[in-house]
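The values are calculated or read from the model by the stated rules, or taken from the named source; none is laboratory data. These numbers were taken from a predicted model, which means no experiment stands behind them. Cβ: placed from backbone, ideal geometry, glycine included. Neighbour counts: every protein chain shown. The accessibility values were calculated without ligands, DNA or RNA, using every heavy atom of the protein model including side chains. Shrake-Rupley method; radii C 1.70, N 1.55, O 1.52, S 1.80 Å.
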Amino acid sequence: MSFFDNDGMPADGRVEAREKVTGRGKYAAEYPVEEVCYGVFAVSTVAAGKLKSVKVEKAKEAEGVIEILTHLNKPVVPGLSDETKIRESRLGLAVFHTDKIFFKGQPIALVVARTLEEATYAASLIEGEYVQEPFEVDFDQVRKKTALTPAGKERGSMEAWTHAAATVEAEYTIAAEIHNPMEMHATIAHWVAADRLRLYDKNQGVNNVQRTVGRVFDLPAENIEVFSEFVGGGFGSGLRVWSNTLAAAMAAKMVKRPVKLMLTRPQMFMLTGYRPASWQKVKLGADREGRFLGGWHQAMNGTSTYEDFNEWITGVTRLIYHIPNLRTEGALVPLNLSTPTWMRGPGDCTGDFAIESAIDELSYALNMDPVALRLKNTAIDKHPNSGLPWSTNYMNECIETGARMIGWEKRPSKPLQLMEDDWATGYGMAVGAWNAGRGNASAGIVMQKDGSVSVRIAMTDIGTGTGTGMRNIAHEVTGIPKNKITVELGHSSLPAAPSQGGSTGLSSVSGAVVAVSNDLKTRLAEYAAGINPAFQGLKADEVQLTDKGIALKTNPGTVVSYLQIWEKNDLKTLELEASSGPGEERQKFAFCSTSAHFAKLRVNRRTGRVKIEKYVCVADGGKIINAQAAANQMSGAVTGGIGMALMEEMQIDTRVGGLIANDLAGYHFAVNADTPVIEVAFINKPDVNINPSGAKGLGEVGIIGVAAAITNAIYNATGKRLRDLPVTPDKILT
Ligand code: MOS
């Protein structure tokens, strides 16, 4: 066995590696489509009001311009004919269907031209005339006028814990953050017939795009064909259908040609969602031994003026710990910005920062080790909300393993103990959890005479390694060598799958891949029985597939070759499809993935610079299907968490209602230079109840907990408690 298979690729490498590194893999905007023309948005320069007119005359005369689309000449779109339908469409933004301006940066026109350059230039000549209205973009101002309402059922009594031995109470804020996947959102829309639309589109779920666009254009979903074979990152931004998809489809209808619309990087900051700004207040009390007696978690998040987006920030507080007396409250803060959306561990990641910071504060108040304090309170027996027993919960193992890996025993119990020159060293930790889910999915398998198979499913792989996981599962179940298994993903004609999000991708598809792999074995056994009676009536687990044929598990020398089966039955290919989804185990058990995060860092007392020296992340995501892809996902998520803790911030100029930084030079996130080597470890025990593969899902738990681990370490180093993210150097110094 060589490390490389005979194709020159690492034997266990990613299925899409070759396409990605050679540039052969096509992202949405890269498909060659004949007669394609280019669409570029012109956007509102005011934050609220009404469009009086859109001056398009100059742009119309510019070279190469084919058409200019505005709210005045848009084609009729049945699903957007009135306000109710617009709401029901579940589009990210029903562009050109109103003269109302909700935010600065809202598209007011789409220029369609022969080339991208011509369209870009012409778009710059478009001017809107507005009746301006007062606007509100200052989250902090509006939230002070906003009332909280209950978020979830109150536990116990708020009086029961007023005499706790130690109580902490503090407010926490997190700035809005932008997903910023490397690949910009893009669509090529091509009406191949009056009622048939082909879309090359960047998204996290082709079936969702099909359904949504079908609803909007009043067409059956199957009339919308969606290609999303390669997706350059999503982080949640691809879970909705945004204005680029809708506008490209409308424009293509108008000009009767395919239209390509790729958002610019600045447009990506306002037209594809973001993690909303948030405010939280946590009150937490414990007895002398550190048992939590009560908690009160209040939270608000920003939304737009035209849609409610609720992050459900306090959910995580109801998930991780036993808090016998608990009140959780929430509220939405409408602003003249576009609608936020799910982003990297949505909701839980936000709430986790506050609750995990408060627990750290409590540990100092109790003079107790934060690891010990958590181990005393984690709800590892049952889900504190539903009361259902966990199928598996290895939170405490995550914590204990992480503590060993970081060298927690070297942590000073008080700040300012480890000083060297201008640097103070500190250790911090926090935990994360996520309700593990599973959706209904189908998978297909196509086998050729030479024994090679293709596993097919509509799910988009946004870089998480789902395709590689599918190949590994098909290999394990059937025995077919990995280099004879290919994977087809990201096309709407493939067997249906849920969107890739919420750490449910592999959990959803794995059941279907196991089912179809088993079906293949039994079908081949039936065929083989016609040639060799030894295969009569055999079940899937009694046979094994090899390079050349089907063999008896108990006697691998007894083989019927694929060649024989194909010839005898005059087969061209063998095609099967199977479906799988959650069953009654959902009524019996609760499911979660968990993580423990540990940071060792240094803080410079002159510059306020934070240098993370070592980072450890231990996760329980059930069985690990592909160690490399899983570890990549975790270290990527941690990098996102470092950005959240120290850098990422949507800065808004409250005078004009627009963003100050809307490119990758002005919006800082963590890069390699900001991150140490991130050590990742997995519990790697299968959860037999969630799905046949035993994988519970990873991704969200890679980021949930990072921000608090870092700010807790900064406190341990410096004695400075920082409760407002991002913790930029100025906040450390002042
Ligand atoms: Mo996500 S926020 O699971 O794409």
| query | Taking the simple approach of a point 7 Å from Cα along Cα-to-Cβ for both ASN440 and GLU83, what is their distance in nm? | reply | 3.5
| note | Length gained, GLU613-LYS153, 0.36 nm per residue minus C-alpha separation, equals 161.4 nm
| request: Please report, as a whole percent, how much of the solvent-accessible surface of the range 300-350 comes from carbon and sulfur atoms (probe radius 1.4 Å). | output: 56
| note | A chain fully extended from VAL76 to LYS588 at 0.36 nm per residue, minus the present Cα-Cα distance, gains in nm 179.4 nm
| said: Run lengths n ≥ 4 of DSSP H only: what is the helix-derived mean residue ellipticity at 222 nm for the chain, with -39500 (n - 2.57) per run over all residues, to the nearest 500? | reply: -8000 deg cm²/dmol
| remark: For the pair ALA665 and ALA627, the simple spin-label estimate (label points 7 Å beyond Cα toward Cβ) gives in nm 4.4
| request: Mind running the shape call on the range 365-424? Use the C-alpha gyration tensor, a ≥ b ≥ c as the square roots of the eigenvalues: rounded below 1.5 for a/c, prolate if a/b tops b/c, oblate otherwise. | output: prolate
| Accessible area per residue of the range 245-319 at 1.4 Å probe, in Å²? | 28
| message | Please compute the modelled spin-label separation between THR573 and ASP653, points set 7 Å along Cα→Cβ, answer in nm with one decimal. | response | 5.5
| request: Along each of the three principal axes of the Cα atoms of the chain, give the extent in whole Å, ordering the values from largest to smallest. | output: 80, 72, 50
| query | Over its Cα atoms, what ratio of radius of gyration to 2.2 N^0.38 Å does the range 530-687 give? | reply | 1.79
| task | Determine the per residue accessible area of the range 573-649 with all protein chains present and a 1.4 angstrom probe, expressed in square angstrom. | result | 35
| message | Just to confirm a number: summing +1 for Lys and Arg and -1 for Asp and Glu over residues other than GLY273 whose beta-carbon lies under 12 angstrom from that of GLY273, what do you get? | response | 0
| Descending principal axes extents, the range 333-488, alpha-carbon based, whole Å | 69, 45, 42
| request: Report, to the nearest whole %, how much of the accessible area of the range 89-202 belongs to carbon and sulfur atoms, 1.4 Å probe, protein only. | output: 51
| query | Fully extended, how many nm does the chain gain between SER124 and ASP308 (0.36 nm per residue separation, minus their Cα-Cα distance)? | reply | 63.0 nm
| query | How much area per residue is accessible in the range 22-118 when the probe is 1.4 Å and only protein heavy atoms are counted (Å²)? | reply | 49
| field | Residues in the range 233-258 that a label on TYR31 would reach, taking backbone N under 20 Å of a point 7 Å out along Cα→Cβ | value | 233-234, 238-258
| Shape metrics for the range 110-207, restricted to C-alpha atoms - Rg then Dmax, Å | 25.3, 72
| Which part of the range 340-368 falls in the paramagnetic zone of VAL142, meaning amide N under 11 Å from the point 7 Å along Cα-to-beta-carbon? | 340
| Cα-based Rg and Dmax for the range 43-86, where Dmax is the largest Cα-Cα distance (Å) | 13.6, 40
| said: I need two numbers for the range 43-117: Rg to one decimal and Dmax as a whole number, Cα atoms only, in Å. | reply: 13.5, 40
| task | Starting from the Cα coordinates of the range 53-166, work out the convex hull volume and express it per residue in Å³. | result | 207
| task | Over the range 571-703, with every protein chain in place, what whole percent of the accessible area is carbon and sulfur at 1.4 Å, could you tell me? | result | 47
| task | Post the alpha-carbon centroid distance, the range 502-541 to the range 689-734, in whole angstrom. | result | 43
| field | Along principal axes, Cα extents of the range 444-511, largest first, whole Å | value | 36, 23, 19
| task | Kindly flag which residue pairs out of LYS202/LYS521; LYS382/LYS521; LYS50/LYS256; LYS283/LYS611; LYS548/LYS685; LYS202/LYS253 have an alpha-carbon separation exceeding 27 Å in this structure. | result | LYS202/LYS521; LYS382/LYS521; LYS50/LYS256; LYS283/LYS611; LYS548/LYS685
| Residue-count net charge about GLY407 - beta-carbon cut-off 10 Å; Lys, Arg +1, Asp, Glu -1 | +4
| note | For the range 188-316, the Kirkwood Rh over every pair of distinct alpha carbons, in Å, works out to 17.5
| said: Suppose we keep just the DSSP beta bridges with both residues in the chain; what percent of those would be antiparallel, to 5? | reply: 75
| note | Whole-Å distance linking the alpha carbon centroid of the range 152-191 with that of the range 334-389 is 9
| task | May I ask you to derive the relative contact order of the chain, considering only C-alpha pairs under 8 Å and at least 6 residues apart, and to give it as an integer percent? | result | 15
| query | Quick one: Cα centre-to-centre distance for the range 109-129 and the range 237-310, in angstrom? | reply | 28
| Taking +1 at the Cβ of each Lys and Arg and -1 at the Cβ of each Asp and Glu, which of PHE41, LEU80, THR305 sits farthest along the dipole of the chain towards its positive end, judged by Cα position relative to the Cα centre? | THR305
| query | Near ILE732, within a Cβ-to-Cβ distance under 9 Å, what is the net charge of the other residues, with Lys and Arg +1 and Asp and Glu -1? | reply | +3
